[in-house]
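Step one of this worksheet: look at the structure below.
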Amino acid sequence: MAAYIKQLLLIAVVAFLYTKAATQPMSLPNCPSKCGSVTIPYPFGTTEECSLDNTFLIDCNNTSQIPFLPENKNISVLNISLDDGVMRVAWPIASDCYTKKGELGELVNQTPQDINMTNFHISPTRNKLIAVGCDTVGVVGVADSRGNNYLAGCMTYCNMHNDTTDNQSCSGVGCCEVSIPRGYMLREVNYVSGAIYNHSSVNDFNPCGYVFLAENGNYNFSRTDLKLQKKEFPVLLNWAVGNQTCDQAKNLTNYACKADKSTCHNSTERSGYFCKCPDGYQGNPYRSEGCHEGIMYYFHFKMSVV
């Protein structure tokens, strides 16, 4: 009976901690914690007073309640992760369409998509360039922080609609993919959709070519994509604080890891660092008193006592 009561008490405590953890503030006091359905955790914020600095500002559209990157109103924010320094955004698709006579029609998003902010860059290891069509050339041009330019691309081709199958690999028939050049802090991407034969022989079922960036694992080819209806795909951006390593930043007055138990981690894909709560803790390491004992830590401790 005593053991049963202890188990009930333990369940009650875990439920209480779960509720408490769910309500822990992630933003600064008196600052909006969300823009629409997207949580905006500090160091990000919708005003200068609510963010670490102006490079972490998020533009929250008051009408649509959709958060955007301030440097590019075409790129909306889907979610922000504090654990690994990643932001997921919705990246627009580029396309070129042709008439039955092979004349160029509408061009969409054939301009550079700039995320020229100090603390962001496109993750070259977690995203790919994808081209879709039966007469499509996809090229991605990337610029690094030093102004150097790099190109990568692929070409797709098919004669008939039946040449393609659903869920096939993007190996060149109806769809191709290529990795983004690595080893650089990529802040601008110019991806272009082009054609060799102006879709003249495939216009009935594929009048347009499509080129886009997409997070790894977020795109599977379907025949219906030869007339693609989607306008954007998720893309992962890396973010970090400053340009210093943890050892360099710890002695600075603007060191961002404010919570007592927070730990500092050097970014692996760019310069700078990010902060984490230690194992068994959860919360926001960028806030004072931001790391709290997690549910599983408390549960494990109580079980060992019982």
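Only the coordinates and a few stated rules stand behind these numbers; no lab work does. Bear in mind that the values here come from a model prediction, so they are computed numbers and not experimental data. Here the Cβ is made from the backbone with ideal geometry for all residues, glycine too, and neighbour counts use every protein chain on show.
Couple of notes before you dig in:
- In this simple spin-label model, placing a label point 7 Å from the Cα along the Cα-to-Cβ direction at both Asn254 and Ser37 gives a separation of 3.6 nm.
- Positive-end residue of Thr164, Ser123, Ile180, charge dipole of segment 88-239 with Cβ unit charges: Ser123
- Cα-based convex hull, segment 88-239, per residue volume (Å³, whole number): 94
- Compared with the alpha-carbon gap, the fully stretched path from Thr99 to Thr125 is longer by 5.7 nm at 0.36 nm per residue.
- Difference of contour (0.36 nm per residue) and Cα-Cα distance, Asn243 to Asn148: 32.3 nm
- Burial ordering of Arg182, Arg223, fewest other beta-carbon atoms within 10 Å first: Arg182, Arg223
- When each of Lys100/Lys230; Lys34/Lys73; Lys128/Lys231; Lys101/Lys227 is checked by Cα-Cα distance, pairs over 20 Å: Lys100/Lys230
- This ranking places Lys101, Lys230, Lys34, Lys276 by how few other beta-carbon atoms lie within 10 Å of each, fewest first, which gives Lys101, Lys230, Lys34, Lys276.
- Dipole magnitude of segment 88-239, debye to nearest 20 (Cβ charges: Lys/Arg +1, Asp/Glu -1, about Cα centre): 300
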